[in-house]
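Inspection log for the structure reproduced underneath, given as structure tokens.
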Amino acid sequence: DTQNSEDFKEDKNYYLSGIFQFNSSLPLIKEDENYQNILKPKLALKLAPNGSNDLRNKDVRIDADNVYSLNRIGTSDSIEGGASLTLGNDYSVFNKKNSKEIFGFKIANNIRLEENKDLPRNNQIGSKTSNLLGELLFNPNDFIKTRYNTSIKNNLTDINYENLITEFKINNFVTTFDYLNENNTQDKNTYLTNTTKYSLDNSNNIIFSTRENKTSDLTEYYNLIYQYKNDCLSASIEYNIDY
């Protein structure tokens, strides 16, 4: 029931739709004394006889995880019309001594019989062949953690989206670098964020963070925070500089 809406007709709107999805995976496991290797081919078949509302300008980020979701376009007033098939593969290596994933690789792609031009254009999910979606995780020890997400256009040349997060931890000192390249948005910004945390003890922390906009070559902010936190109380003093 809407008034003065740019997306819907005035007063009441009625919309009835249906969607069917079939998901399947086949985990293949290989183990030795120290490690467990899991290869998991995956597919998702999606069928919807109804068409889609005009979502071409909607910014939707689809990655190697949520591409198998029923509502991957993230809207409550429309479905993803047409027929599509999502194919992918997950590969993981676990350290059996501490049940920790030390290496992970995911890749996925969506194909459809007919192009759906009403779906978001920033991820090519409506094209006959979507972006190639990937994720790489590498945690060799307790000191380094790395995760990389990417979305490559179906020409396999242009990078549509990428995010690289690397964390270094030495005792009470933790620093994280977050590189984000958003070529799939209208602004097409690229950011580098650094957050550094030093724990004085279990309750007291000092945190420093800054973010640089690589597109405009501008540092957007500096934040310095002293934080006190226990089971029932959290308090902080912050000093912020924004540009």
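Observations on the model:
- Within segment 28-40, the residues that satisfy the criterion of being in contact (Cβ under 8 Å) with a residue 12 or more places away in the chain and open to solvent by 100 Å² or more (accessible area, probe 1.4 Å) are GLU31, GLU33.
- Long-range neighbours under 6 Å by Cβ, at least six apart or interchain, first residue within 29 Å of TYR68 (Cα to Cα) and in contact (Cβ under 8 Å) with a residue 60 or more places away in the chain within segment 2-27, second surrounded by 10 or more Cβ atoms within 10 Å (Cβ to Cβ) and of a type in the set (Gly, Ala, Ser): ILE19/ALA48
- Residue within segment 3-18 that is open to solvent by 60 Å² or more (accessible area, probe 1.4 Å), out of contact with any Phe, Trp or Tyr (no Cβ under 9 Å at 6 or more places or on another chain), closer than 30 Å to ARG147 by Cβ and modelled with pLDDT under 95 present: no
- Of the residues making up segment 112-126, not a single one is open to solvent by 70 Å² or more (accessible area, probe 1.4 Å), more than 29 Å from ASN53 (Cβ to Cβ) and touching a residue at least 12 places away in the same chain (Cβ under 8 Å).
- Residues satisfying the stated conditions in segment 64-85, i.e. among the aliphatic types (A, V, I, L, M) and open to solvent by 20 Å² or more (accessible area, probe 1.4 Å): LEU70, ILE79, ALA83, LEU85
- Residues within segment 191-233 that are of a type in the set (Val, Ile, Thr), under 27 Å from TYR161 (Cβ atoms) and in contact with a Phe, Trp or Tyr (Cβ under 8 Å, 6 or more places away or on another chain), tallied: 5
- Filter result (open to solvent by 50 Å² or more (accessible area, probe 1.4 Å) and in contact (Cβ under 8 Å) with a residue 24 or more places away in the chain) within segment 86-105: LEU87, ASN89, TYR91, PHE94, LYS96, LYS97, GLU101, PHE103, PHE105
The values are calculated or read from the model by the stated rules, or taken from the named source; none is laboratory data. Keep in mind that this is a model prediction, so the values were computed, not measured. Backbone-built Cβ (ideal geometry, glycine too); neighbour counts: all protein chains shown. Heavy atoms of the whole protein, side chains included, go into the accessibility calculation; ligands, DNA and RNA do not. Shrake-Rupley method; radii C 1.70, N 1.55, O 1.52, S 1.80 Å.
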